[in-house]
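Q: Dropping the structure in here first, questions after.
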Amino acid sequence: MDFAAKPVLTGERTVLRPFTARDADAMWEIVNDPEVVRFTFEPGTALTPERLRSWYGVRTADPDRLDLAVTDRATGELVGEVVLYDWDPAARSCTFRTLIGARGRGRGLGGEATRLIVGHGFEYVGLHRVQLEVYAHNARARHVYEKAGFVVEGVRREAALRDGVWVDDVLMAVLEHEWAAHARGAGDG
């Protein structure tokens, strides 16, 4: 049980695939999108195109994490990323994060990408728990995570200073049996 296998996961609207160094230019545009910056990065995060090229060029080698490019199935355009990381083999758990650029938002791509990678984690890797952190004021992401079966476990109050305002950090998780029940229920609709 690990993330050594880097799959291609295909949904109705998205294809998740391993990153290559060639994805750095598209990711540079995505990580500089104002909404991505607002909800994802700490102020002062030093990203450069060269650093991204290096980062995405080696992601496929790590057996303790799974970084996949989110692409629009119809066009092949790279619109974001989904990641399972902080793998704890003893607890069969990891952390999830995602970011979707402007051209990928509002079309259900992020929700489908979330379900695909989290489902892979439970169904193929054998995870027991997937957790995440999301800023409380990121209503769009919270809605996506709740639809995917994540539940709020707690709130770290005023955990980050964003644009001069203290914001809460919401801790969410989904457990193996919750995922199985949620996935069965999704097929009923």
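The values are calculated or read from the model by the stated rules, or taken from the named source; none is laboratory data. A quick note: this is a predicted structure, and the numbers were derived from the prediction, not measured. So basically every Cβ, Gly included, is an ideal-geometry build from the backbone, and we count neighbours across all protein chains shown. To get the accessible areas, we keep the full protein, side chains included, count just its heavy atoms, and leave off ligands, DNA and RNA. Shrake-Rupley method; radii C 1.70, N 1.55, O 1.52, S 1.80 Å.
Q: Any chance you could count how many residues in segment 123-147 are open to solvent by less than 70 Å² (accessible area, probe 1.4 Å) and of a type in the set (Phe, Trp, Tyr)?
A: Looking only at that region, the number is 2.
Q: Now for a separate question. Sort through Gly101, Gly80 and tell me the only one that's crowded, with 21+ Cβ neighbours inside 10 Å, modelled with pLDDT of 90 or more and farther than 27 Å from Val125 by Cα.
A: Values: Gly80 fails: farther than 27 Å from Val125 by Cα.
Of the residues listed, the single one that is crowded, with 21+ Cβ neighbours inside 10 Å, modelled with pLDDT of 90 or more and farther than 27 Å from Val125 by Cα is Gly101.
Q: Looking only at segment 148-178, how many residues end up being of a type in the set (D, E, K, R), loosely packed, with under 14 Cβ neighbours inside 10 Å and not in a strand (DSSP E or B)? Steps first, please.
A: We begin by selecting, within segment 148-178, every residue of a type in the set (D, E, K, R); these are 153, 156-158, 162-163, 168-169, 176, 178.
Narrowing the set further to residues that are loosely packed, with under 14 Cβ neighbours inside 10 Å leaves 153, 156-158, 163.
Retained after the next criterion (residues that are not in a strand (DSSP E or B)): 163.
Result for segment 148-178: 1.
Q: Could you check, for segment 115-124, whether at least one of its residues is at pLDDT 95 or above, in a strand (DSSP E or B) and of a type outside the set (S, T, N, Q)?
A: Checked segment 115-124: no residue is at pLDDT 95 or above, in a strand (DSSP E or B) and of a type outside the set (S, T, N, Q).
Q: Continuing with this model, one more query. Look through segment 1-25, keep the residues that are open to solvent by 40 Å² or more (accessible area, probe 1.4 Å) and hydrophobic (A, V, I, L, M, F, W, C), and return whichever of them is modelled with the highest pLDDT.
A: Taking segment 1-25 first, the residues open to solvent by 40 Å² or more (accessible area, probe 1.4 Å) are 1-2, 4-6, 8, 10, 12-13, 17, 20-22, 25.
From what's left, hydrophobic (A, V, I, L, M, F, W, C): 1, 4-5, 8, 21.
Working: Met1: 71, Ala4: 83, Ala5: 85, Val8: 96, Ala21: 79.
Out of the qualifying residues, it is Val8.
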